[in-house]
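*Asks:* A single structure is presented below for examination.
The values are calculated or read from the model by the stated rules, or taken from the named source; none is laboratory data. Keep in mind that this is a model prediction, so the values were computed, not measured. Virtual Cβ from ideal backbone geometry, glycine too; neighbours counted across all protein chains shown. Ligands, DNA and RNA are excluded from the accessible area calculation, which covers all protein heavy atoms including side chains. Shrake-Rupley method; radii C 1.70, N 1.55, O 1.52, S 1.80 Å.
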Amino acid sequence: PESAQPGNASSTLHIYMRQRMVGWTRHLPPLVALQVLRAGAGGLRGLTDSSASDAVPGVCNLPSDCSGAFCSDACCPTNRTEDPFCPNCRGANWTCLTSQTQIGLGQDPALGATYNDFGVGGNSGFCRYQAPVAGQNKSSAYGARLLTSHRVFAGVGLSQAQFMAMPGSDQADGAIACGMCLEVTAKMVLWNCDLTHPQNKNDSSQWPVHKVIVMVIDQCKDNWDRYNDTEPTGNCATGHLDFDIYPHDNNPGNLNIEDVTWRAVDCPSDDMPIQFVFASNETSEWHFSLHTWDMRSPIKAMEALAECSNGSTAWSPMEFGSNGWAYQATKVCNDFAANWPDNVTLRLTSVYDEVIIEQLKVPVDRWYQIDNWHAWPPVDGSSNFVESKAPPSEEANDDTVTADAVGGRQGFEQWR
């Protein structure tokens, strides 16, 4: 509530007691405590699920008390073993993730954030946002231009607790999370532009507190729901982030981050159009799958214009999966993708219900397959979502470039 301002004695006492209950006192530095206070009492006290209004006060009534975005106070944290999401958002709930500060609750050895040496062997991750090529770095990697042009600081794997579809929704895991941008606050080592050389990696006292923008490119599932009583013990506990880096010597050192807070934000796409990346060059008007890159806000639905056997047209819903958004013929009628491949028409709906329509010329005459990844090159769209209700802060925009030391948005034109 707006009335619960930092400095309000009751709010401060409530947050302090919640810290004692969860055992966070040892793990919450002043920065994180301030973040929680800034969120207002609603950041922690407001976890009560309105759908559980008939529940007995002070009693954890599962599952009704955990059917919404949050668990009730009674369920969190005392019954965390039954609901490992507390106190963060449940699943990829965009409204929740943009309005509530999320906390990396991992404890040793499952810290709030870790680093993944992407440069050793390469892997595309669940979202398939980078090519699985060894020896690459941030700007040389094939992949989303938000990442390679340094508009975001890094790609991250996100705990399954927030990567997965929101409970009760008809979305698939990753449909909202893939390509979602996060504003992260943490004390972290400084890197060069391509995330190959960390500075003062062995002296954490030299690490500054940064607020940077990152992009979700993978899920983090390693024992994400494993707890010992109320303590998370899995490597990907709720709120956890796994930063992709490309250390030049394959020896990044111990750079893990203990105290991490973040929220979802609209991506700094600016004038950049959405790109469409087909999963395979062996596709046709009967079936194709594609990923989308560089969206300002996540896509919650995609449809393809289909032509029916009687000559009429209809929008055919596409389903999200491991190969992205998939079109399958004959779902709405005896149909196939209209105007394949010269003018394939797609309708995209954002989490804000903004709708754009893109007409794509699929490069079937010149594309080639990158092993275990995508058909190349991507197809440029003509637009991007305009609406922005959760913009990143100016501080985060500045620190995203500062943390890279050099680089910045001018790299976009070189990539293009």
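*Asks:* Give me the residue from the stretch 206-245 that is within 25 Å of Cys127 (Cβ to Cβ) and more than 20 Å from the chain's Cα centre (by Cα) and, out of that set, surrounded by the most Cβ atoms within 10 Å (Cβ to Cβ).
*Replies:* Taking the stretch 206-245 and keeping what is within 25 Å of Cys127 (Cβ to Cβ), we get 210-226, 232, 234-245.
Now narrow it down to the ones that are more than 20 Å from the chain's Cα centre (by Cα): 226, 232.
On the way: Arg226: 15, Pro232: 25.
Ranking the candidates gives Pro232 first.
*Asks:* Still on this structure, I have one more. Kindly check whether there is at least one residue in the stretch 157-172 that is of a type in the set (Phe, Trp, Tyr) and part of a helix (DSSP H, G or I).
*Replies:* yes
*Asks:* Moving on. Report, by residue number, each residue of the stretch 187-203 that is part of a strand (DSSP E or B) and surrounded by 22 or more Cβ atoms within 10 Å (Cβ to Cβ).
*Replies:* Trp191
*Asks:* Hey, another quick one. Mind listing just one residue for me: the one in the stretch 148-164 that is more than 11 Å from the chain's Cα centre (by Cα) and within 22 Å of Lys300 (Cβ to Cβ) and, of those, surrounded by the fewest Cβ atoms within 10 Å (Cβ to Cβ)?
*Replies:* Per the stated criteria, the residue is Val152.
*Asks:* Now, a different point. Output the number of the condition that Asp266 fails; it satisfies all remaining conditions of (1) open to solvent by less than 10 Å² (accessible area, probe 1.4 Å); (2) modelled with pLDDT under 95.
*Replies:* Going through (1) open to solvent by less than 10 Å² (accessible area, probe 1.4 Å); (2) modelled with pLDDT under 95 one by one, Asp266 breaks only (2).
*Asks:* Please enumerate the residues belonging to the stretch 298-318 that are outside any strand (DSSP E or B) and under 19 Å from Asp170 (Cβ atoms).
*Replies:* Pro298, Met318
*Asks:* Report yes if Asn256 is in contact with a Ser or Thr (Cβ under 8 Å, 6 or more places away or on another chain) and open to solvent by 50 Å² or more (accessible area, probe 1.4 Å), otherwise no.
*Replies:* Working: in contact with a Ser or Thr (Cβ under 8 Å, 6 or more places away or on another chain): yes; open to solvent by 50 Å² or more (accessible area, probe 1.4 Å): yes.
When the stated conditions are applied, Asn256 passes them.
*Asks:* I need the strands (runs of 3 or more DSSP E) fully contained in the stretch 319-416, keeping only those with at least 2 residues that are modelled with pLDDT of 95 or more and open to solvent by less than 20 Å² (accessible area, probe 1.4 Å).
*Replies:* Where strands (runs of 3 or more DSSP E) fall fully within the stretch 319-416 and carry at least 2 residues being modelled with pLDDT of 95 or more and open to solvent by less than 20 Å² (accessible area, probe 1.4 Å), they are 324-328, 344-350, 355-360.
*Asks:* Provide a single number: the residues in the stretch 246-261 that are more than 19 Å from the chain's Cα centre (by Cα) and either among the aliphatic types (A, V, I, L, M) or in a strand (DSSP E or B) (or both).
*Replies:* Residues flagged as more than 19 Å from the chain's Cα centre (by Cα) and either among the aliphatic types (A, V, I, L, M) or in a strand (DSSP E or B) (or both) within the stretch 246-261 amount to 1.
*Asks:* Of the numbered conditions (1) crowded, with 19+ Cβ neighbours inside 10 Å; (2) over 16 Å from Ile357 (Cα atoms); (3) within 27 Å of the chain's Cα centre (by Cα), Ile299 fails exactly one; give the number of that condition.
*Replies:* Single failed check for Ile299: (2).
*Asks:* Would the stretch 283-294 turn up any residue that is among the β-branched types (Val, Ile, Thr), crowded, with 19+ Cβ neighbours inside 10 Å, touching a Ser or Thr at 6+ places or on another chain (Cβ under 8 Å) and part of a loop (DSSP other than H, G, I, E, B)?
*Replies:* Yes, some residue in the stretch 283-294 is among the β-branched types (Val, Ile, Thr), crowded, with 19+ Cβ neighbours inside 10 Å, touching a Ser or Thr at 6+ places or on another chain (Cβ under 8 Å) and part of a loop (DSSP other than H, G, I, E, B).
*Asks:* If I filter the stretch 270-281 for residues that are surrounded by fewer than 24 Cβ atoms within 10 Å (Cβ to Cβ), farther than 30 Å from Pro341 by Cβ and in contact with a Pro (Cβ under 7 Å, 6 or more places away or on another chain), do I get at least one hit?
*Replies:* There is no residue in the stretch 270-281 that is surrounded by fewer than 24 Cβ atoms within 10 Å (Cβ to Cβ), farther than 30 Å from Pro341 by Cβ and in contact with a Pro (Cβ under 7 Å, 6 or more places away or on another chain).
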